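A short worksheet on the structure shown next.
The values are calculated or read from the model by the stated rules, or taken from the named source; none is laboratory data. Small disclaimer: the values here were computed from a predicted structure and weren't measured. Note that we place each Cβ from the backbone using ideal geometry, even for glycine, and neighbour counts take in every protein chain shown. Ligands, DNA and RNA are excluded from the accessible area calculation, which covers all protein heavy atoms including side chains. Shrake-Rupley method; radii C 1.70, N 1.55, O 1.52, S 1.80 Å.
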Amino acid sequence: MSSESVVVVGAGLMGLCTAAALHQRGYDVRVIERGPDVGLETSFANGGMLTPSMSEPWNAPGVQWQLLKWIGRADAPMLLRPEALGHYLDWGVRFLASSTRVRYQAAIRANFLLSAYSMQTMRKLRAALDLHYCDARTGTLKIFRDQASLDASMKRGEALKDLGLLCLHLTTDQILKRVPLLATKSATIVGGIYYPEDEVGDAHLFCQALRSALMKRGVAIECGTTVTGFRTQGGGVVAVEIEGGEIAARCVVVAASAWSPALLKPLGIKLPVRPVKGYSLSVRLSDPALLPPLPIIDDDLHAAATPLGGMLRLAGTAEFCGWNARIDPARIETLWRFLKSCSPELFDAAHPDDARSWCGFRPMAADGRPYIGETQIRGLYVNTGHGHLGWTQAAGSGALMAAIIDGGHPPIATAPYSPLRSRA
Ligand SMILES: Cc1cc2nc3c(=O)[nH]c(=O)nc-3n(C[C@H](O)[C@H](O)[C@H](O)COP(=O)(O)OP(=O)(O)OC[C@H]3O[C@@H](n4cnc5c(N)ncnc54)[C@H](O)[C@@H]3O)c2cc1C
């Protein structure tokens, strides 16, 4: 074995958690990030929920009809911009092909297993490194405005009970006991589901806390350096290329989110991961006592309101628009409308002038499961494609990645996440 470092490309949730797990196993790790600091891209202002309960990929059976129905509607929960179609062609075919009932169910179970393992790993990591990131074990509450959606969601939850998902059906009265703020609009709510084991936390704070803890322990995290490619020799990777030079590597983990496919393409690696834009709005309330005690999720709208460190984070919506990073006011308006539809009191207590809008690109795998493992190039690994579940699955994905690199018995089955499945 050579003495060079394992080089991790990208210092978002995935790269940092990978570095933490490798360091724990005794590896010398070097993280290379092109941005000026850690966690400034997709991991910056996400919905703040760690939710094994939301393990469903977004290509549910029938998704094609929904996408068609919503085309051109600025307030659609999932919006396909026709001008960006070229960006999603091959990927889109796989995305739709994976929406059969059998594949959808398999992806839910694979995601849940990784999410549940990730929650355990996160608790250990938090304790071992004394990390603080506005974390709390609040549980989450999904509210429903039609009975069929509630029944279908409850059925999906019950199907995961054998793997350990806890979910409780709540009547509207039971919901109001937990969150009295929902009273004004309670006539529109038919019921809900409470998931007691879900957690909340600020992903950006987590990245910063983890960065500091790792650097104190000798992990090199170098920001402001862009990886431009990889040098291979004899079928294996030997170095990452950067502007004006290269860094020798014992092996490499690409955790560069939806930018990973472009980095890997020159090596003939086709990774079906594409950016799917989402928005968030961080809102201060005139009376912080009004904050709900736990995240409220509206499944139909793909939107959530999460209490996070004294403010409210509204997040959601999905836009297939390539890399267009413009903040569309109509999408932000959808988040405000969602808040009003939950609680006019909360809406009135929010200051629009004091609200921070943000958008990020979820790295979405076509078949709804992340890619964690070795590519066809020896020593070149990927850890990406977590879509809407990246915060939930980060700690577990990092630990799984490190276990794969280390060899031996992995903590959970690795096949569902193998990068080689995209070649089949
Ligand atoms: C609106 C929204 C809400 C969300 N809400 C939730 C939620 O509530 N719960 C949940 O579980 N998940 C949520 N997610 C998903 C989650 O945030 C992402 O899956 C996760 O942040 C992805 O982390 P990452 O490390 O893969 O990507 P990133 O955080 O984007 O990190 C990748 C890093 O790689 C760097 N990089 C790229 N190319 C190079 C290069 N060539 N050289 C060097 N560095 C490079 C980038 O600069 C970046 O810092 C949400 C996402 C969005 C957009």
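Per residue, the chain reaches -10000 deg cm²/dmol at 222 nm when only DSSP H runs of four or more residues are counted, each adding -39500 (n - 2.57). The Cβ shell under 14 Å around Ile412 holds other residues with a net charge of +2, Lys and Arg each +1, Asp and Glu each -1.
Between Phe347 and Glu222, what length comes free when the chain is fully extended (0.36 nm per residue of separation minus the Cα-Cα distance, one decimal in nm)? Working shown, then result.
Numbers: separation 125, 0.36 × 125 = 45.00 nm, distance 4.14 nm.
Computed gain between Phe347 and Glu222 is 40.9 nm.
Among Asp198, Asp90, Asp135, the residue with the largest mean-square fluctuation in a Gaussian network model of the chain, with springs joining Cα atoms closer than 10 Å, is Asp90.
The modelled label-to-label distance between Trp336 and Lys161, using points 7 Å beyond Cα along the C-beta direction, is 4.3 nm.
The packing ranking of peptides 252-260, 335-343, 411-419, highest mean first, is 252-260, 335-343, 411-419, where packing means the average number of other beta carbon atoms within 10 angstrom of each residue. Charge tally around Ala128: other residues with Cβ under 15 Å, Lys/Arg +1 each, Asp/Glu -1 each, net +4. For the pair Glu241 and Ser357, a Förster radius of 45 Å applied to the C-beta separation gives a FRET efficiency near 0.80, rounded to the nearest 0.05.
Taking a sphere under 11 Å around the Cβ of Val200 and counting the other residues whose Cβ falls inside, with K and R at +1 and D and E at -1, yields a net charge of -2. Largest GNM mean-square fluctuation across Arg30, Arg126, Arg326, computed for the chain with C-alpha springs under 10 Å, falls on Arg326. Taking 15 Å as the cut-off, the amide N atoms of region 1-37 that come nearer than this to a point 7 Å along the Cα-to-beta-carbon line of Ala262 belong to 10, 34-35. For the options Met54, Met364, Met215, a Gaussian network treatment of the chain with springs between C-alpha atoms closer than 10 Å singles out Met215 as fluctuating the most.
Among beta bridges from DSSP that stay inside region 5-423, the antiparallel ones total about 70%.
Which value, in Å², gives the accessible area per residue of the chain when a 1.4 Å probe is used on the protein heavy atoms?
Value returned for the chain: 40 Å² of accessible area per residue.
A Stokes-Einstein calculation at 10 °C with viscosity 1.306 mPa s, built on the Kirkwood radius of region 5-423 over Cα pairs, returns a diffusion coefficient of 73 µm²/s. Between region 1-57 and region 195-250, what's the alpha-carbon centroid distance in Å? Cα centroid to Cα centroid, the span is 6 Å.
Quick check on region 1-151: take the gyration tensor over C-alpha atoms, sort the square-rooted eigenvalues as a ≥ b ≥ c, and tell me if it's rounded (a/c under 1.5), prolate or oblate.
prolate
A simple rule links phi to the HN-Hα coupling: the Karplus curve 6.51 cos²θ - 1.76 cosθ + 1.60 with θ = phi - 60°, which for region 348-356 gives 5, 7, 8, 9, x, 5, 9, 9, 9 Hz, with x for Gly and Pro.
Using per-residue counts of other Cβ atoms within 10 Å, averaged over each peptide, order 32-45, 262-275 from highest down.
Values: 32-45: 20.7, 262-275: 18.2.
Those peptides, ordered most packed to least, come out 32-45, 262-275.
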